[in-house]
1. Pick out, in residue order, every one of the trypsin sites (Lys or Arg not before Pro) in region 3-93 that is DSSP loop and has at most 14 other C-beta atoms within 10 Å; say none if there are none.
2. Between rounded, prolate and oblate, where does region 19-83 land on the alpha carbon gyration tensor, with a ≥ b ≥ c its root eigenvalues, rounded for a/c under 1.5, else prolate if a/b exceeds b/c?
3. How high is the relative contact order of the chain, in percent, counting Cα pairs under 8 Å that sit 6 or more residues apart?
4. Straight-line reach from K2: which lysines have Cα under 17 Å away, leaving out those fewer than 8 places along the same chain?
5. Using only Cα atoms, figure out Rg for region 179-226 and give it as a multiple of 2.2 N^0.38 Å.
6. Kindly state, to the nearest 0.05, the FRET efficiency for D39 paired with N85, given R0 = 25 Å and r defined as their beta-carbon distance.
7. For region 98-176, which trypsin sites (Lys or Arg not before Pro) are both in a DSSP coil and crowded by at most 11 other Cβ atoms within 10 Å?
8. Loop only by DSSP, 14 or fewer other Cβ within 10 Å of the Cβ. Give me the GluC sites (Glu not before Pro) in region 142-226 that pass, ordered by residue number.
Amino acid sequence: MKTLFLWDIDGTLILSGGAGVRAMGNALRNTFHINGFIDDIDFSGRTDHWIVRQIFTRFGVPATPGNFERYYEAYLEALPAELDNPGAVVLPGVRAILDAADARGDIAQGLLTGNIRRGAEVKLGYHRLGHHFPFGAFADDSELRDELGPHALRRARERHGVEFPPDRVWVIGDTPRDVACARAFGAKSLAVATGNHSAAELASHSPSAVLVDLSDPAKFWAVVDP
């Protein structure tokens, strides 16, 4: 193993057609009987734990461990049904890239995502992508995305028995916060404009590379495997 890919999920690997926001709204109603508007909260590149804390603050719900647990259980219960919508898709080129990376002997793949672990499993399981990612770092590890990198590196080392130096680690995501997260632990960053940020906006945050999308796997490999 020489190179580590750490993938974001939403807006990078998949689109969920708003499933996550709707499931969080359902959880708010079903757990705390609050029918509140949350669509304007800045979800982009944030961790679930950060998002839920903003929801709790907005509606005066005490941010206790018990309330987080109750909320997440309701969210996970609502999420599968919400994913069953026409907008929930795997983004172009993703399956081919993941399959090609798995077929090589020198690349390890994991997640670096703002999702809680069980939420990531539900989303990737729905699209039959979970087998590509035997480890990762999640919102369970830290509310702050910039603190997730070391958790991912530790689990990569435990899984593969080797160290991955930062210059051989790629964080692949669709937001400026993915770029900042990579920079926080010295990794390279590939920003893809398949979420809510344009290629020009992403480029302004100085990632290692920018792609409009992943529809041409050859362009992806030219960046990460020159």
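Values in this text are rule-based calculations from the coordinates and carry no lab data. Remember, it's a predicted structure, so these values are computed and weren't measured experimentally. Here the Cβ positions follow ideal geometry from the backbone for every residue, glycine too, while neighbour counts run over all protein chains shown.
1. On the way: sites: R22, R29, R46, R53, R58, R70; in loops: R46.
Within region 3-93, no trypsin sites (Lys or Arg not before Pro) qualify (loop, at most 14 other Cβ atoms within 10 Å).
2. Working: a/c = 1.35, a/b = 1.10, b/c = 1.23.
Rounded, because the longest to shortest axis ratio a/c is under 1.5.
3. On the way: 415 pairs, mean separation 56.9, N = 226.
Rounded, it is 25 percent for the chain.
4. K188
5. Working: Rg = 10.6 Å, N = 48, 2.2 N^0.38 = 9.6 Å.
Here the Cα radius of gyration is 1.11 times the empirical estimate.
6. According to the calculation, E is roughly 0.95.
7. Values: sites: R104, R117, R118, K123, R128, R145, R154, R155, R157, R159, R168; in loops: R104, R128.
In loop regions of region 98-176 (DSSP not H, G, I, E or B), the sparsely surrounded trypsin sites (Lys or Arg not before Pro) are R128.
8. Working: sites: E143, E147, E158, E163, E201; in loops: E143, E163.
Hits after loop and neighbour filter: E163.
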